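A short worksheet on the structure shown next.
Nothing in this text is a laboratory measurement; each read-out follows from the coordinates by a stated rule. Here the structure is a predicted model, which means the values were calculated and not measured. Cβ coordinates were reconstructed from backbone atoms using ideal geometry, including for glycine residues, and neighbour counts include every protein chain displayed.
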Amino acid sequence: MKKNYSVNINALIFSFILAGILIGILVAAQFQSSVVANSFLVDELNAQDELLESYEKDQKELKSVINNLKEQIASNREQIAQYGNQAKLEQLEELKVKLGLSKLSGSGVRIVLAESSNKQLNSNANLIHAADLRDLINVLNTAQVDGISINGHRVIFNSSINALGSDILLNKIKISSPFEINIIGNSTMIAGKLSERKLYPDLFDRISKKEINFSIEKLANINLEAYDGDYIVKYLKND
Amino acid sequence: MINDYLKRSLFLLATGIVMGALFSFQAKSVSKTNNIFNRESKVNIFREIQIAKHNNQSLREQIEVLKEEITADNDREAILRGITQDINKYQMVLGEVEIRGDGIDITIDKDLSIIWFTDLINELNSAGAEAISINNYRLTPFKDGFDLMPNGQILLGGDILSAPYNFKVIGDSAVLMSVLNQVGGILERIQSFQPDNKITVVEAQNLILPANRL
């Protein structure tokens, strides 16, 4: 009887402690909770997604029109080259090559970054983030590369790489894993810079731990498409 | 005896409540720590819609300019002018000539790590920056990665980059300021990570950016 009483008391004490902990968590959570300033209905979120998609569709069509117009202009200019302005055309083409506005071919490397199939509890480490691509582009820039593309889209020197939810936007265009990164440049220098952990420690460690799939191959002939836009210059002056 | 029992029970309950509250606060602080290392800006969908709309408008303006050039294709002089204008434009973008223009001036007082430079330049590019210099070094295509020396100093274009850092950015100053100062934006994240680092951003007229160092 006495033993039963003792067990009951212990059970009751444990219950009190557990109840207290739960109440404490709830009270603290209540104090820290805040009404979300912007609570959107699902319909409104869908409408925003659709609006963004329509802008992206428009963007593709506008870029296609621009490319056609540029080809027409290039053809007109070539025709006048025969009148002794070849030097100017060559100067223009050289500038366009440097800026990524022309196709580029050469030797280099191909990197493929993909999310690992070995999903772990920390699934965030398995994902490839916009910041990872930015860090990688920076590493490649230290290797003085001549041109880069990601999933066929040319990276220019003022490209932006941003996160939009689970998607990544490169130059305002959605790209998704796996990421095939083609680089024209000195493959030895590129490999050397990629081996320097200090330049991109977070991504380097996740690759080393196989949280992300990373492959690299040297290629003798890589073709990069031209950037499908142009540089907008409204504020620069040099006069 | 019942009173003792009641007192002990209440004490245990109070202890449990305090422990629960402490657990909850600790979990919240871990979450905040994770947020400091978040490298992406928030409120993306609105910003991206705004930028997409602005981008498409720029593309439409570009189409009009290209169409005008084509309608003058029978005019040899107009074609030559177009080539010269493009050469001039691309030389400015490439950094082959000194340039000037309105924009913003950013000063960051203390040392930053490479990831902050990478992210800040990305934000400026997102906001339509047309040219950027850091401590009077003009950023140019592909040859300008932020490298790290063995002693931890940052190297840019063969030069050591030391604090304070002065960014000169030519572009639409209103858009640039808006993007940089947004809630959860890059400057707020740098500031929360380094509270003692003084950051100032001002609109500036007639900024002068040097040509590339050869």
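For this structure, a couple of remarks:
- In a reduced charge model with +1 at each Lys and Arg Cβ and -1 at each Asp and Glu Cβ, the stretch A:48-99 shows a dipole moment near 380 debye about its Cα centre.
- Placing R0 at 35 angstrom, the Cβ-Cβ distance between B:Ala78 and B:Asn166 gives a FRET efficiency of 0.25 after rounding to 0.05.
- The fewest-to-most ranking of A:Ile232, A:Ile156 by surrounding Cβ atoms within 10 Å reads A:Ile232, A:Ile156.
- FRET efficiency, 1/(1 + (r/R0)^6) with R0 25 Å, evaluated for B:Phe23 and B:Asn181 via beta carbons: 0.10
- Simple point charges give the picture: +1 on the Cβ of Lys and Arg, -1 on the Cβ of Asp and Glu, and for chain A a dipole about the Cα centre of about 920 debye.
- Total charge dipole magnitude, the protein assembly as shown, about the Cα centre, Cβ charges on Lys, Arg, Asp, Glu only, Debye to nearest 20: 1940
- For B:Ile108, neighbours were defined as the other residues whose beta-carbon sits under 14 Å from its Cβ, and their charges (Lys and Arg +1, Asp and Glu -1) total -3.
- Shielding by other protein chains, A:143-152, mean Cβ within 10 Å: 2
- Longest segment of chain A lacking GluC sites (Glu not before Pro) that sit in a DSSP loop with at most 15 other Cβ atoms within 10 Å: A:1-195
- Calculated FRET value between B:Asp111 and B:Leu10, using beta carbons and R₀ = 51 Å, to 0.05: 0.45
- Entries of A:Lys174/B:Lys53; A:Lys103/A:Lys237; A:Lys172/A:Lys193 with Cα pairs more than 22 Å apart: A:Lys103/A:Lys237; A:Lys172/A:Lys193
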